[in-house]
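Peer 1: Next up is a structure, given as structure tokens.
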Amino acid sequence: MRVLFLTQSAEACPASRYRVYQYLPHLEAAGVECHVSPAISGRNYLRVYQAQDSLRKLPYFALGEMKRLMMAPCYRHYDVVFFQQWTFPRFFPAAELAAARVNGRMVFDMDEPLYVRPTRRRRDVADLFDPERTVTRIVKAARLVIVGNEVLRRFAVKHNANTYVVPTAIDLDRYDPKDDYYHRPPVVIGWIGSFTTTVYLSMLEEVLRVLSRDHAIRFRVVGAPYSVEGMQSEWKPWVYEEEAEEIGKFDIGVMPLRDDEWSGGKSACKALQYMAAGVPVVCTRNEVTGSVVRDGENGFLAGTLKEWEEKLRALIVDGDLRRRVGMAGRETVEQEYSVKVTAPKLLRALEVACEGE
């Protein structure tokens, strides 16, 4: 089986890495001939995803769209053409529809609720277009749709009955389990993410300040400049080769989310990264995080600021609790959310797509 993976970007892009690149060795070992073509090069990735204005991103997305359209005649030479998310967000999906016309075995993959407008600091030009209409067109045109969770499946299956769930997974070979649960203060509360997702951190600032008055804690951010006024804070730029090591330095990992449709359909990738490292996690409670985290067993779920304070405080003061929950989180990833577990699910979906027109 020859599969062409059309990724959003090069391997530096987390979505492309988690949904495609980390699977390539496993698929190739199973006999799949894998070819990858990113719409946005690794050289341009940081320029695109660190841009705070959609207007600055448009030229790169437009070039990616042109590249896809020019490649379209070649798609017929593959058994499956796999789109990892869309090429030109929220615009008319010309590249995806062209691919489906040239090759009836087009697969569309999404691990975020692309059909709604994302949580942003402010609205911009991208909000002029209807994302649901765009995504619906792609989903209907696809031979098969792969999604990252049940929330996304419920949307996709309305438009394409051939929908498979392949959860976002972690390559555990990159993560050494944590072994220093009983060090001297401060206790490090950590978060990893990009500039666009720092919007979620503001909801925790007052909780963190309150906790810092009673306990020796430090808030550490990896990936985007961010600090909390009135307490010890630090940040470190994201580097792929150092990512797992940096997460392992956290004593507690946090994944705050807003109560909106976009946040409710996002994958629990941050939580899974913390859990893979044996770091106890506290997440905003919603359907997706609740399907991964069993409150009080392999992590904690919080629905109110009071719960955030209570659960973070419990972990701050109790090294035994951090160890028990962190180890249970690691075990959950090993059994349910490691690449070795989910790779056969992705392989089966590709085989189904390859079987018919």
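The values are calculated or read from the model by the stated rules, or taken from the named source; none is laboratory data. Quantities reported herein were computed from a predicted structural model and do not represent experimental measurements. Positions of Cβ are backbone-derived with ideal geometry, glycine not excepted, and every protein chain shown enters the neighbour counts.
Peer 1: So which residues in the range 313-357 are of a type in the set (Gly, Ala, Ser) and in contact with a Lys or Arg (Cβ under 9 Å, 6 or more places away or on another chain), if there are any at all?
Peer 2: Result: Gly326, Ala328, Ala353, Gly356.
Peer 1: Let me ask you something else. All but one of (1) over 22 Å from Pro14 (Cα atoms); (2) under 21 Å from the mean Cα position of the chain (by Cα) hold for Val254, so report the exception by its number.
Peer 2: (1)
Peer 1: I've got another one for you. Does Asp180 fit the bill of being assigned by TED's automatic domain parsing to the domain that holds Ile252, on the phi < 0 side of the Ramachandran plot, in contact (Cβ under 8 Å) with a residue 40 or more places away in the chain and part of a loop (DSSP other than H, G, I, E, B)?
Peer 2: Details: assigned by TED's automatic domain parsing to the domain that holds Ile252: yes; on the phi < 0 side of the Ramachandran plot: yes; in contact (Cβ under 8 Å) with a residue 40 or more places away in the chain: no; part of a loop (DSSP other than H, G, I, E, B): yes.
In short, no.
Peer 1: Taking Trp191, is it in contact with a strand residue (DSSP E or B) (Cβ under 8 Å, 6 or more places away or on another chain) and assigned to a loop (DSSP other than H, G, I, E, B)? Please lay out each step first, then the result.
Peer 2: Working: in contact with a strand residue (DSSP E or B) (Cβ under 8 Å, 6 or more places away or on another chain): yes; assigned to a loop (DSSP other than H, G, I, E, B): no.
So Trp191 does not fit the description; no.
Peer 1: Give the residue that is nearest to the chain's Cα centre (by Cα), with candidates limited to residues of the range 166-177 that are in contact (Cβ under 8 Å) with a residue 40 or more places away in the chain and more than 16 Å from Gly326 (Cα to Cα).
Peer 2: Looking only at the range 166-177, we keep the residues that are in contact (Cβ under 8 Å) with a residue 40 or more places away in the chain, and these are 166-172, 174-177.
In the following step, the residues that additionally are more than 16 Å from Gly326 (Cα to Cα) were identified as 166-169, 171, 174.
Working: Val166: 13, Pro167: 10, Thr168: 7, Ala169: 9, Asp171: 13, Arg174: 17 Å.
Per the criteria, the residue is Thr168.
Peer 1: Hand me the list of helices (runs of 4 or more DSSP H) wholly inside the range 15-71 holding 3 or more residues that are at pLDDT below 80.
Peer 2: Working: elements: 24-29, 42-49, 54-71.
Here the list reads 42-49, 54-71.
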